[in-house]
Amino acid sequence: MVNNIAIEKAKTSKIHEVDFDNLSFGSVYTDHMLVCDYKNGEWEAPKIVPYQPITLDPSAKIFHYGQSIFEGMKAYKDEDGKVFLFRPLENFKRLNKSAERLAIPQLPESFFMDGLHALIQLESDWIPTNAGSSLYIRPFIFASGNGFHASPANEYKFIIACAPSGSYFSGKVKVLIEETYSRAANGGVGYAKAGGNYAGQFYPTKLAADKGYQQVIWTDDNAHEYIEEAGAMNVFVRINDTLMTAPTNDRILDGITRKSILDIAKDEGIKTEVRKISVHELVEAAKNGSLKEMFGAGTAAVVSPISGFGYHGEDYTLPELTNSYASMLKKRITDIQYNRAEDKFGWRYPVQ
Ligand SMILES: *Cc1c(COP(=O)(O)O)cnc(C)c1O
């Protein structure tokens, strides 16, 4: 049931200007967006309006204190034109978890779910159908309230914008195990999808790129001893036939793809371990040939295979497998997302 969301329709559609056969990721936007304002101590009713720029005062707290959080999700269209989301309630819950940590007021569930539902319904013609493409959805909240005083804002905006996007896949990536910089620290905001977490990654990632690596493997901030995330994705490692990933903590984002992959792997009878993985263990496994695969996991790419890693000036190359866990897991998860397979876990959310 979608509660009534006020809709102000765009006068003209931009859809005919878009080349749906050559979509990049997240760079063209649909005709409408959902907007919901927090003022006078409460969230006002969300509404759908034409996609448009936002005007803010130079003293808006987002600019100075970085009170900003977001989510990333996708809408998929099956062969019959039916539209689905994937575990959207998990994104809603995580948005409020991030909000709590950034002292942003909690958003009511119906505002998120009904607003999202109404927006995706309205924009359903924008959901691309070429293989691997989808409508990328970006819900976000930021401090729109004014003041140079370093304190939480008294006004916020919750917005959902959508971008028809092609496949994120850009081939295997070579990664660098980070020994100097940290993405997140104990007691910090690493578990939240806070904008500032990503700003802090850009510089170390650029340094790695200058050395020929496309991505950074983040390690614990204490001793850089354990691997934690692959760029802005969770990280999986396969040693022999065991699939492992780090346990979530203060510093690791609790990815929906990560937990879905763990469930699917178990369903496939693959041995899984959620435990700390040391860099030492990884290097030893690479040397003795038991390290079979590494990959990142997140909504955008689903699974992003890693070709090898650099550590202490040494490069370690992973084998080319014909039956990789990465490709099997990606197929199983996308088959559920695009309604090509039975949804035994109840993850699909139809948008009618
Ligand atoms: C968003 C994100 C992930 C992946 O989360 P999903 O819910 O799978 O998209 C992993 N790590 C970081 C740092 C992220 O920002």
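Here, each number is a calculation from the coordinates, and none is a lab measurement. Since the model is a prediction, treat every value here as computed from it, not as a measurement. Every residue, glycine among them, receives a Cβ derived from its backbone with ideal geometry; neighbour counts consider all protein chains shown.
Some points to look at:
- Alpha-carbon centroid distance for the pair region 31-91 / region 275-352, whole angstrom: 30
- Cβ charges +1 (Lys, Arg) and -1 (Asp, Glu), total dipole of region 204-352, debye: 460
- Residue-wise HN-Hα couplings along region 154-164, as the Karplus relation 6.51 cos²θ - 1.76 cosθ + 1.60 with θ = phi - 60° gives them from phi, are 9, 9, 9, 10, 10, 10, 10, 10, 10, 9, x Hz; Gly and Pro carry x.
- Highest-fluctuation residue, MET294, MET113, MET233 considered, GNM on the chain with Cα pairs under 10 Å: MET113
- Within the chain, helix-based [θ] at 222 nm, where runs of 4 or more DSSP H residues each add -39,500 (n - 2.57), nearest 500: -7500 deg cm²/dmol
- A simple spin-label model places pseudo-atoms 7 Å from Cα toward Cβ; at ALA150 and PHE169 they are separated by 4.7 nm.
- Spherically averaged projected area in nm², based on the convex hull that wraps the Cα atoms of region 211-299: 6.2
- Shape call, region 284-352: gyration tensor on alpha carbons, a/c limit 1.5: prolate
- Quotient of Cα Rg and 2.2 N^0.38 Å for region 5-59, N being how many residues it contains: 1.46
- Kirkwood Rh in Å, taken over region 56-106 so that all alpha-carbon pairs contribute: 13.3
- Prolate/oblate/rounded label for region 173-337 (Cα gyration tensor, a/c 1.5): oblate
- A convex hull fitted to the Cα coordinates of region 1-136 yields 144 cubic angstrom per residue.
- Cα centroid of region 144-168 to Cα centroid of region 2-30, whole Å: 19
- Long-range tail of P(r) for region 170-254 (Cα pairs > 17 Å, %): 46
- For LEU291, the residues whose amide H sits under 5 Å from its own are ASN240, ALA286, ignoring neighbours fewer than 5 places away on the same chain, with H placed 1.01 Å from N.
- Of all the options LYS157, LYS11, LYS193, the one that moves most in a Gaussian network model of the chain with Cα springs shorter than 10 angstrom is LYS11.
- Members of LYS97/LYS157; LYS271/LYS344; LYS77/LYS174; LYS93/LYS206; LYS174/LYS287 lying beyond 23 Å, as alpha-carbon distances in this model show: LYS77/LYS174; LYS93/LYS206
- Seen from all directions on average, the chain presents a Cα convex hull projection of 18.5 nm².
- Three-way shape call for region 69-205 based on the alpha-carbon gyration tensor, with the a/c threshold at 1.5: oblate
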